[in-house]
Amino acid sequence: MSFGLTNAPATFQSLMNHIFQGLLRKFVLVFFDDILVYSLDWSSHLQHLVTVLQVLQKEQLFAKLSKCSFGATNIDYLGHTISNDGIAMEKDKICVVNDWPKPTSLKLLGGFLGLIGYYRQFIRNYASLAAPLTDMLKKDNFKWTTTAEEAFAKLKVALTSSPILALPNFTQPFTLETYAYMDFIIGLPPSQAFTAIMVIVDRLSKFGHFIPMRYDFNNKQVANAFINNVVKLHGIPKSIVSDRDKIFMSSFWKQLWKLQGTTLAMSSTYHPQTDGQSEVLNKNLEMYLRCFSFNNPSQWSKLLPWAQYWYNTSQHSSIGMPPYKALYGRNPPTLIKYQLDAHDSPTVQANLLQRDKVLEQVKLSLLRAQNYMKQYANKKGRSIDFQVGDLVLVKLQPNKQQMVAKRLNQKLGLKYFGHFSILAKVGTIAYRLQLLKMVAAPSRLCLMKTCM
């Protein structure tokens, strides 16, 4: 993997997902350059291993033998030890937690909570135990008290007691606890008195529920809509993440879910329970639904179920499959486009033709939203096509500048260096350059300038 280049990790992960597309979650898991091959028995494991190595050989990717482990019954993977018994913390991470000193600054406290938060699934009632410490992350609120000391000690004890998460028995029924992301899209044109959409997305499968709401909705109506559309299908969620809307801050809402055993997490600067992925997903969904409702200003509430169907059956880049398949474990059923037949009743004809028209609209709305987000992300981009042999200036990071221009202080140093010759074009916006006596890893277009 190329290090030090903008977007290199995401590009490499995309490559790995692409070449192992047919094997992922069947007997292969990939996280950047960590490849985990798992099997039920030894004979199938050997065949799986051969398949993976053949893929790497075909794509001219190489594994360092000293970093590989074969035929292991337990293995350390992404900070966890995986075995037949289940999933546990790595032993060296337990030692780090045991030896962690009392935080004396906000930065040290953040480091401790970051490590603990990664293993929060091992700690029962993590949010309650960590609350005194997470409250200290607020501005001008760092003050080490007896309560903070007790929380610090309890978290260390809870995590270093070597809990093991048992793997589920897939031959028996079991309950899967889910996490919801809740948000509202408001200000839509009235459609049967509906002017808002409540968007609920499952954190694991990315399966979405789009629920039309009237302009004057209150906390009880939101709770009923949630139960009628989500709970009846998926059960009570383990946690709900939402913004700090007055609906979600009301005592009714908090008490209702507290009695159900559901943890409520409110997104804000100082609450690490939310992540950037949910924010991006919500923005994409909002753009998609706004495009859809714009094309159907008075009828969007009737057609919203088809918008939900199309979203859940479309490919999702972050999980490598449609949310429908991630939730139900199988591909969504295929909808056959209606072919007009004079023998069909007028009502059937009108209904199916309207359905196909709506599906085409939601498809275009989804593409329109994706294109808009792409244009927004690339609005500062440049359309320049360099050729092999061209001389360019390259923007280098401080640690790379020392290779071409040594300085005691880089504060006022140059940002662009050159002239460097282009050796080859890699992809659509990356080029391989000749830096002095060495060949550099591909550089992105945004880091290059034309040499005058």
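The values are calculated or read from the model by the stated rules, or taken from the named source; none is laboratory data. Everything quoted here is computed from the prediction, not taken from an experiment. FYI the Cβ positions are ideal-geometry reconstructions off the backbone, even for glycines, and counts take in every protein chain you see. To get the accessible areas, we keep the full protein, side chains included, count just its heavy atoms, and leave off ligands, DNA and RNA. Shrake-Rupley method; radii C 1.70, N 1.55, O 1.52, S 1.80 Å.
With at pLDDT 80 or above and within 30 Å of Lys156 (Cβ to Cβ) as the only criterion, which of Asp34, Asp41 stands out?
Asp34
Could you please tell me which pairs satisfy a Cβ distance under 6 Å, a separation of 6+ or placement on different chains, a first residue in the range 385-396 that is more than 10 Å from Phe420 (Cβ to Cβ), and a second residue that is among the basic types (Lys, Arg)?
Lys395/Lys415
Residues in the range 49-81 that are free of Cβ contacts under 8 Å to residues at least 24 places away in the same chain and in contact with a Leu (Cβ under 8 Å, 6 or more places away or on another chain): how many?
Residues meeting the conditions: 2.
Is it the case that some residue within the range 312-322 is at pLDDT 85 or above, touching a Lys or Arg at 6+ places or on another chain (Cβ under 7 Å) and buried (at least 18 other Cβ atoms within 10 Å of the Cβ)?
No, there is no match, as no residue in the range 312-322 is at pLDDT 85 or above, touching a Lys or Arg at 6+ places or on another chain (Cβ under 7 Å) and buried (at least 18 other Cβ atoms within 10 Å of the Cβ).
Anything in the range 217-240 that is in contact (Cβ under 8 Å) with a residue 60 or more places away in the chain and within 23 Å of Tyr309 (Cα to Cα)? List them, or say none.
Across the range 217-240, the qualifying residues are Gly235, Pro237, Ile240.
Condition first: open to solvent by less than 90 Å² (accessible area, probe 1.4 Å), part of a loop (DSSP other than H, G, I, E, B) and either out of contact with any Pro (no Cβ under 9 Å at 6 or more places or on another chain) or at pLDDT below 70 (or both). Can you find one or more residues in the range 408-424 that meet it?
Yes, the range 408-424 contains a residue that is open to solvent by less than 90 Å² (accessible area, probe 1.4 Å), part of a loop (DSSP other than H, G, I, E, B) and either out of contact with any Pro (no Cβ under 9 Å at 6 or more places or on another chain) or at pLDDT below 70 (or both).
Could you run through the range 136-162 and say how many residues are free of Cβ contacts under 8 Å to residues at least 60 places away in the same chain and either closer than 27 Å to Gly86 by Cα or assigned to a helix (DSSP H, G or I) (or both)?
15
Output the residues belonging to the range 323-336 that are surrounded by 14 or more Cβ atoms within 10 Å (Cβ to Cβ) and under 27 Å from Phe32 (Cα atoms).
If the condition is that a residue be surrounded by 14 or more Cβ atoms within 10 Å (Cβ to Cβ) and under 27 Å from Phe32 (Cα atoms), then Pro323, Tyr324, Lys325, Ala326, Leu327 are the ones that fit.
How many residues, within the range 32-59, are open to solvent by 80 Å² or more (accessible area, probe 1.4 Å) and touching a Phe, Trp or Tyr at 6+ places or on another chain (Cβ under 8 Å)?
2
Can you tell me which condition Pro132 does not meet? The list is (1) under 22 Å from Lys238 (Cα atoms); (2) touching a residue at least 24 places away in the same chain (Cβ under 8 Å); (3) open to solvent by less than 60 Å² (accessible area, probe 1.4 Å), and all the others hold.
Pro132 satisfies every listed condition except (2).
Looking only at the range 105-129, count how many residues are within 23 Å of the chain's Cα centre (by Cα), in contact (Cβ under 8 Å) with a residue 24 or more places away in the chain and open to solvent by 50 Å² or more (accessible area, probe 1.4 Å).
Residues meeting the conditions: 2.
If you go through the range 200-212 one residue at a time, do you hit one that is polar (S, T, N, Q) and at pLDDT below 90?
Yes, because at least one residue in the range 200-212 is polar (S, T, N, Q) and at pLDDT below 90.
Can you name every residue in the range 174-195 that is at pLDDT 70 or above and either over 23 Å from the mean Cα position of the chain (by Cα) or open to solvent by 80 Å² or more (accessible area, probe 1.4 Å) (or both)?
Ile186, Gly187, Leu188, Pro189, Pro190, Ser191, Gln192, Ala193, Phe194, Thr195
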